[in-house]
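Asks: Could you have a look at this structure, given as structure tokens, before my questions?
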Amino acid sequence: MRAALVVRHGGPECLEYAAAPVPEPPPGWMRVRVLACALNMLDVFVRRGMPGVRLQLPHIPGGDVAGVVDKLGAGAQAPQPGTLVLVDPMVERKALGEDLPGGLAEYILAPAQNAIPLAASAADAPQYAALPIAYGTARRMLVTRAQVQPGETIVVLGAAGGVGVACVQLGKELGARVIACSSSRAKLDELGRLGADELVDTSGGEFGAEVWRLTGRTGADVVIDYLGADSWPQSVRAVRRAGRLVTCGATTGFLAETDLRYVWTRELSILGSDGWSRDDLLDLAERVKTGRLAPVIHQVFPLSQVRDAVAEIEERRAIGKVVVVPDAPR
């Protein structure tokens with residue numbers, strides 16, 4: 001089969017489009033013929049190399065996969081070959097594409113129990129592939145951890161990325177007032193078209209004062225901050241009394257300064273959120289099926305152009321999800 005292979009850790013040149021063996025499913029697992037694989041910044045981090053994570057190279061990245069079951073390993077009863085499925089990337093606290101071979105290939109292996117059968121057509125695969133990591137993470141933050149209620153105000157930092165766009169869309173569906181923050185004017189305009197109620201330009205590094213103004217000097221009910229060290233001090237000050245500050249990551253650094261006076265005097269809740277659950281993915285897939293959710297897809301690339309696809313997210317040009325599909329047979 002053809003695959004995108006991380007042959008060594010480093011820059012874009014370390015990701016190659018090359019031949020790889022077609023994998024055989026072990027007992028209880030399935031082989032899926034990939035129809036679409038969505039990218040995440042995690043795929044960039046995997047290629048660059050992450051501290052404490054040792055991978056056997058070459059490695060196939062890509063965690064978000066929709067495809068057709070091709071073969072079952074011994075003992076796997078379902079889903080039957082030919083079934084269109086979304087694949088839950090989480091495998092016993094490991095992740096497809098991160099710790100295990102991923103879906104930037106023509107075939108991928110996964111536990112059969114990780115399959116979510118889809119009542120859809122193959123043409124819909126890119127929409128479903130966009131869901132697991134970004135939309136699953138966003139749903140867990142907003143619904144499970146922050147428990148956002150209709151009429152509440154939420155602030156989304158880094159709102160133009162995959163998780164950020166998902167937070168904007170899901171926040172609006174939950175009936176919240178959404179304040180979207182980005183450093184790009186063009187991306188802010190697009191976020192407005194996606195339904196964000198207010199837009200905050202963070203290109204100067206400042207957003208807290210504008211959030212304070214937009215909320216009538218009371219602060220937001222919920223602030224979503226997965227940027228980390230650079231934005232965290234302002235985020236703490238932007239939460240209203242008894243509000244919630246939620247994080248699922250820290251792209252600008254893990255050691256963030258917290259002014260504890262705001263935490264105790266406003267009785268703030270600081271909530272961590274890690275990944276997603278199968279229930280999150282089932283709910284999201286149902287929303288796509290019924291038309292309540294249309295994942296934002298920035299662009300679809302053939303697998304042979306995987307470096308160009310990764311560049312869209314690595315160089316921060318994408319709004320929403322970048323999706324890769326296998327090249328058409330010659």
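Asks: Which is touching a helix residue (DSSP H, G or I) at 6+ places or on another chain (Cβ under 6 Å) and at positive phi, of Gly151, Gly162, Gly158? Don't jump to the end; show me each part of the working.
Replies: Details: Gly151 fails: touching a helix residue (DSSP H, G or I) at 6+ places or on another chain (Cβ under 6 Å); Gly162 fails: at positive phi.
One residue alone meets the criteria, Gly158.
Asks: Which strands (runs of 3 or more DSSP E) does the range 128-216 wholly contain that include 3 or more residues that are closer than 21 Å to Ser273 by Cα?
Replies: Passing ranges, in order: 153-156, 177-182.
Asks: Okay, moving on. Of all residues in the range 250-295, which are assigned by TED's automatic domain parsing to the domain that holds Leu157, out of contact with any helix residue (DSSP H, G or I) (no Cβ under 6 Å at 6 or more places or on another chain) and buried (at least 18 other Cβ atoms within 10 Å of the Cβ)?
Replies: Hit for the range 250-295 is Leu268, nothing else.
Asks: Specify which of the listed residues (Ala318, Ala285) is small (Gly, Ala, Ser) and modelled with pLDDT of 95 or more.
Replies: After ruling out the rest, the residue left standing is Ala285.
Asks: Cβ-Cβ distance below 7 Å, separation of 6 or more or different chains: which pairs start in the range 201-221 with a residue that is assigned by TED's automatic domain parsing to the domain that holds Leu245 and in contact (Cβ under 8 Å) with a residue 40 or more places away in the chain and end on one that is surrounded by 12 or more Cβ atoms within 10 Å (Cβ to Cβ) and polar (S, T, N, Q)?
Replies: Close Cβ pairs (under 7 Å, with a partner that is surrounded by 12 or more Cβ atoms within 10 Å (Cβ to Cβ) and polar (S, T, N, Q)) amount to Thr202/Ser182; Thr202/Ser183; Phe207/Gln234; Thr215/Thr153; Ala220/Thr153; Asp221/Thr153.
Asks: Can you work out which of the residues in the range 81-135 that are acidic (Asp, Glu) and within 11 Å of Ala36 (Cα to Cα) is farthest from the chain's Cα centre (by Cα)?
Replies: The selected residue is Glu106.
Asks: From the list Glu98, Glu24, which one is closer than 26 Å to Ala138 by Cα and in a loop (DSSP other than H, G, I, E, B)?
Replies: Just a single option satisfies the conditions, and that option is Glu98.
Asks: Which one of these is outside any strand (DSSP E or B), touching a strand residue (DSSP E or B) at 6+ places or on another chain (Cβ under 9 Å) and surrounded by 15 or more Cβ atoms within 10 Å (Cβ to Cβ): Ala66, Ala119, Ala110, Ala125? Lay out the reasoning, then the answer.
Replies: Details: Ala66 fails: outside any strand (DSSP E or B); Ala119 fails: surrounded by 15 or more Cβ atoms within 10 Å (Cβ to Cβ); Ala110 fails: outside any strand (DSSP E or B).
Checking each option against the conditions leaves just Ala125.
Asks: Could you please let me know if Ala309 is surrounded by 15 or more Cβ atoms within 10 Å (Cβ to Cβ), closer than 24 Å to Phe45 by Cα and hydrophobic (A, V, I, L, M, F, W, C)?
Replies: Numbers: surrounded by 15 or more Cβ atoms within 10 Å (Cβ to Cβ): yes; closer than 24 Å to Phe45 by Cα: yes; hydrophobic (A, V, I, L, M, F, W, C): yes.
So Ala309 passes the test.
The values are calculated or read from the model by the stated rules, or taken from the named source; none is laboratory data. Given the structure is predicted, the values throughout are model-derived calculations rather than measurements. So basically every Cβ, Gly included, is an ideal-geometry build from the backbone, and we count neighbours across all protein chains shown.
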